[in-house]
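Each remark here refers to the structure printed beneath this line.
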Amino acid sequence: MKSNQRLASIEAAHGELVEFGVDPFSVEIEEIVSPTGGIIQGRPTILAGTNNYLGLTFHPECVAAAKKALEAQGTGTTGSRMANGSYACHRELEKELAAFYEKNDAIVFSTGYQANLGTISSIAGPGDTVLIDADSHASIYDGCQLSGASVIRFRHNDYDDLAKRLRRMGDAAADALIVIEGVYSMLGDRAPLKEFVRVKNEFGARLVVDEAHSLGVLGERGRGVVEEAGVLDEVDFIVGTFSKSLGNTGGFCVSSSDNMAVLRYASRPYVFTASLPPATIAATRAALKLLDSGSDLRKRLHNNAKRLHDGLKSFGFTLGAPVNAVVAVVIGDKSEALRMWDYLLKAGVYVNLMVPPATPGSDSLLRCSVSAAHSSAQIDAICNAFGEWRSRKS
């Protein structure tokens, strides 16, 4: 059977990677040793591309909570939240998330991807307009498509361009929905959130902020860019995931909007997807408590991020953004990025290979994500592996 045109183009792009003897999509972590270490291709490997920002995947309290829930409530719910899949623990986590963000309500989804899909497609529909940052995550684009709303892209992190596009809408701007991310996953750059809130308020629009890569990382209590920028009360909907700082899987939306109760009935991913297993909920609740306890996890994370950022900078690499948990090395040429990624893996360092069209513009990236659990020696080893590649090329 012949592949259709879309699959054929994907197959061709994948074949281009394989021609280099590199297939980053087939990497298998044969054994997980710790939050920052594993065995890949039979070699001990530093995991520097896992988004495990706070290193909580092995935390004793999270593991113990998951074990207790597993033994008490079994392996899964076997139903969606609208059927038999709403347990007391799901609602307790929603209450805790709402309290954490000082919002009236929260909804828990089965993945972070579905949190965007379900939220955007429920609060916007045919006849509405959604304005999104051009560098938005795929889940935001797909949420817009599922909504049936008209979509307008504005230039990345350009609040003046957003204002210009809203101005063109006239009175309809007051019904518009704006969607941005707090921290963008490719380069690790922050949104200028104060300015976006100012524009949103000027036109009376609503604002969704995806805090997937800033929950647990930024803000005095780890509530993300919305907290760091001091605009927590002015953002209409905050979406996030459990799969980064909270070391698990799942997603959420928090808001004080009156629409939250109706959103549960309108959101197809909420209605038609099996709910998270009780063990996952229990571990996530334990992780959220650790995050909210004021521990030194964020301090350790930022110290590690600065050490990695400064180390890579000292070797002359171009980095995508100022110091943050995402440290993206801009390579430019795809073939160079492929060879470098393969070299690092064989040297015992796993990072994320990102190539167009997944990346902004035409550059390829080697994307590192820093963890509070990385040791100083591991950070130095990552820097040295990059430096050794640079010395081989010079």
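Some notes on this structure:
- Any chance residue 363 is touching a Gly at 6+ places or on another chain (Cβ under 6 Å), modelled with pLDDT under 95 and either open to solvent by 10 Å² or more (accessible area, probe 1.4 Å) or within 23 Å of residue 136 (Cβ to Cβ) (or both): yes
- Residues of the range 257-279 satisfying the condition of being assigned to a loop (DSSP other than H, G, I, E, B), under 21 Å from residue 206 (Cβ atoms) and open to solvent by 10 Å² or more (accessible area, probe 1.4 Å): 257, 258, 259
- Once the range 234-256 is narrowed to residues that are more than 12 Å from the chain's Cα centre (by Cα), over 22 Å from residue 274 (Cα atoms) and in contact (Cβ under 8 Å) with a residue 60 or more places away in the chain, the residue that is surrounded by the most Cβ atoms within 10 Å (Cβ to Cβ) is 238.
- Exactly one residue among 287, 328 is closer than 28 Å to residue 31 by Cα, crowded, with 18+ Cβ neighbours inside 10 Å and in contact with a Lys or Arg (Cβ under 6 Å, 6 or more places away or on another chain), and that residue is 328.
- Taking every residue in the range 370-391 that is farther than 14 Å from residue 306 by Cβ and pairing it with any residue that is open to solvent by 40 Å² or more (accessible area, probe 1.4 Å) and in a helix (DSSP H, G or I), at least 6 positions away or on another chain, the pairs with Cβ-Cβ distances below 7 Å are 389/343.
- Residue in the range 80-90 that is more than 25 Å from residue 147 (Cα to Cα), aromatic (Phe, Trp, Tyr), surrounded by fewer than 21 Cβ atoms within 10 Å (Cβ to Cβ) and more than 20 Å from the chain's Cα centre (by Cα) present: yes
- Filtered residues of the range 290-312 (kept if loosely packed, with under 15 Cβ neighbours inside 10 Å and either in a helix (DSSP H, G or I) or within 21 Å of the chain's Cα centre (by Cα) (or both)): 299, 310
- Counting only residues that are crowded, with 24+ Cβ neighbours inside 10 Å, under 26 Å from residue 355 (Cα atoms) and out of contact with any Gly (no Cβ under 8 Å at 6 or more places or on another chain), the range 184-233 holds 1 of them.
- Top-ranked residue of the range 29-78 - restricted to ones that are aliphatic (A, V, I, L, M) and within 18 Å of residue 242 (Cα to Cα), ranked as surrounded by the fewest Cβ atoms within 10 Å (Cβ to Cβ): 64
- With a requirement of 1 or more residues that are within 24 Å of residue 378 (Cα to Cα) and modelled with pLDDT of 95 or more, the helices (runs of 4 or more DSSP H) lying completely within the range 1-116 that satisfy it span 60-73.
The values are calculated or read from the model by the stated rules, or taken from the named source; none is laboratory data. Every value quoted in this text rests on a predicted model; they were computed, and no experiment measured them. Glycine also receives a Cβ, built like all others from the backbone with ideal geometry; neighbour counts cover every protein chain displayed. Keep in mind that these areas ignore ligands, DNA and RNA; they rest on the heavy atoms of the full protein, side chains included. Shrake-Rupley method; radii C 1.70, N 1.55, O 1.52, S 1.80 Å.
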